[in-house]
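One structure is given here, and the rest of the page talks about it.
The values are calculated or read from the model by the stated rules, or taken from the named source; none is laboratory data. What you are looking at is a predicted structure, and each value in this text was computed from that prediction instead of being measured. Here the Cβ is made from the backbone with ideal geometry for all residues, glycine too, and neighbour counts use every protein chain on show. In case anyone asks, the SASA skips ligands and DNA or RNA and just uses the protein heavy atoms, side chains included. Shrake-Rupley method; radii C 1.70, N 1.55, O 1.52, S 1.80 Å.
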Amino acid sequence: MSAPIALSESASEMIYLDHHATTPCDARVLETMLPFFSVHFGNAASKQHAFGWAANDAVERARKQVAALIGAGSKDVIFTSGATEANNLAIKGAAAARQGERDHLVTVATEHKAVLDPMKRLEQQGWALTVLPVDGAGIVDLGELSDAITDRTALVSVMAANNEIGVLQPIKEAAQLAHAKGAWFHTDAVQAVGKVPFDVDALDVDFASMTAHKIYGPKGVGALYVRRKRVTVAAEIDGGGHERGLRSGTLNVPGIVGFGQAAAIARTELPDEAGRTRALRDRLLNALLAKTDGVAVNGSLEARLPGNLNVSFDGIDGEALLVSLDDVAVSSGAACTAAEPSHVLVALGLSKDRALASLRFGIGRATTDAEIDHAAAKVSDVVARLRQMSPLRGA
Ligand SMILES: *Cc1c(COP(=O)(O)O)cnc(C)c1O
């Protein structure tokens, strides 16, 4: 066997605190996937021989594992290429299914672009769209949500957990408000699934988007939960009729097997991992607060993912901050362009400068105390140094 691809020296010495962008594939997941590339390589749709049956069995086992993580029936899990596709399928697919009957959509300003952009596309095509604001803590107001939903609303989409500030939305209440007016309810559950308890029945959601690479699975595979007893979608990708006709295309068997294994591990380890990442998050925040003044947490600290911290620093140039953090991989928001403040932080009411002087920390399964301590010391040092030289000082 040839050597695995080596990380560049700089990458291997870096501390990875960007687990909202992606997570490393868990070694147990990779091991489960490997035979499905070249031994059990069959097409899951080949019904006439054992190669196909083995692949199909593995896909169905994975479907059960993914379904179990969210408390769903496995027939309601539709595999996709990721959450961007799952969001597009839910939003455009539900709109197409209800076209002519209803003409209005509702979402929230802090959603991922993979929700906002399909919504805007539908708006260009004639749908009415309401994008609700959030409060200073990043949470949608249920009274405003209730007022926005009418008997013309086809779909309401509210994310379960935000990918930048980790804030958890009141999904159960939001779904209830949607259903009270006959609207369907979708949630982008990418960041919540596997990190906090998420059960499609307890929350009564109609659609939920997930992706494997945010839960220590491979990239390029995800799923849309569709409560098929109540709702449906028009397919976006037509072809061989895979996935109950809702998503054609030969299934990514190794990826799906990995997704299933990642879901099974997440389900077993969730309580432990949530406790551990929360303790690390609190350790990081306390260290930053102890060493630096002018630190503010962005978004609610209570209604929040355990492994997320998003903070801004008074009087700091955000770009200089990121550049100086040469051995800590964090981000200033969703994979964003340096000059553009995050739409999420702007929605919280932060000024452009303050939004740009923010860091998102995403703590993960393998993060250690020592890494957190190093990151906190490094950030504090850099902030102190930048403040000494910065013309923004005292701003
Ligand atoms: C990562 C992410 C997505 C996109 O998922 P992909 O599988 O990478 O397409 C969508 N929504 C949220 C909240 C995310 O964090």
Cα gyration tensor category, rounded, prolate or oblate, for the range 18-100 with a/c compared to 1.5: oblate
Protein accessible area in the range 30-142, 1.4 Å probe - carbon and sulfur %: 54 percent
Residue-level accessible surface for Asp26, protein heavy atoms, 1.4 Å, Å²: 20 Å²
Max mean-square fluctuation residue, GNM over the chain, Cα-Cα springs under 10 Å, options Gly362, Gly182, Gly260: Gly182
Candidates Asp314, Asp76, Asp57: whichever shows maximal mean-square fluctuation once the chain is modelled as a Gaussian network with Cα springs under 10 Å: Asp57
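For the range 225-289, calculate the relative contact order in percent as a whole number, restricting contacts to Cα pairs under 8 Å that are 6 or more residues apart. Each step should come with its number before you reach the end.
Numbers: 27 pairs, mean separation 9.2, N = 65.
Answer for the range 225-289 is 14 percent.
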GNM top mover of Glu371, Glu101, Glu173 - the chain, alpha-carbon springs below 10 Å: Glu101
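Just the accessible area per residue of the range 270-389, please: how many Å² with a 1.4 Å probe? Show your work: numbers first, answer last.
Details: 4980 Å² over 120 residues.
Heavy-atom SASA per residue in the range 270-389 reads 41 Å².
Can you give the local net charge around Thr187? Use residues other than it whose beta-carbon is closer than 11 angstrom to its beta-carbon, Lys and Arg +1, Asp and Glu -1.
Summing Lys/Arg as +1 and Asp/Glu as -1 gives -3.
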Where the range 27-265 is the region considered: accessible area per residue in Å², 1.4 Å probe: 38 Å²
Within the chain, helix-based [θ] at 222 nm, where runs of 4 or more DSSP H residues each add -39,500 (n - 2.57), nearest 500: -12500 deg cm²/dmol
Listed residue (Ala287, Gly307, Gly349) projecting farthest to the positive dipole end of the range 270-389, Cβ model: Gly349
Reachable lysines from Lys352, criterion Cα separation under 29 angstrom, eight or more residues apart if same chain: Lys113, Lys120, Lys214, Lys291, Lys378
Within the chain, percent of DSSP bridges classed antiparallel, to nearest 5: 55 percent
Whole-number percent relative contact order across the chain, with pairs defined as alpha carbons under 8 Å at least 6 apart: 22 percent
Simple spin-label estimate for Lys291 and Phe41 in nanometres, 7 Å along Cα-Cβ: 5.0 nm
Span-rule helices in the chain, defined as complete DSSP H runs reaching 20 Å or more along the axis (Cα) with Kyte mean at least 1.0: none
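If you wrap a convex hull around the alpha carbons of the range 120-230, what volume per residue comes out, as a whole number of Å³? Mind dumping the intermediate values first?
Working: hull volume 13.9 nm³, N = 111.
Convex hull of Cα atoms, per residue: 125 Å³.
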Alpha carbon convex hull of the range 138-199, volume per residue in cubic angstrom: 76 Å³
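If you roll a 1.4 Å probe over the range 161-279 with all protein chains in place, what percent of the accessible area is carbon or sulfur?
Details: 2110 of 4130 Å².
Answer for the range 161-279: carbon and sulfur cover 51 percent of the accessible area.
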At q = 0.07, 0.10 Å⁻¹, base-10 log of I(q)/I(0) for the chain (Debye sum, equal scatterers on each alpha carbon): -0.34, -0.68
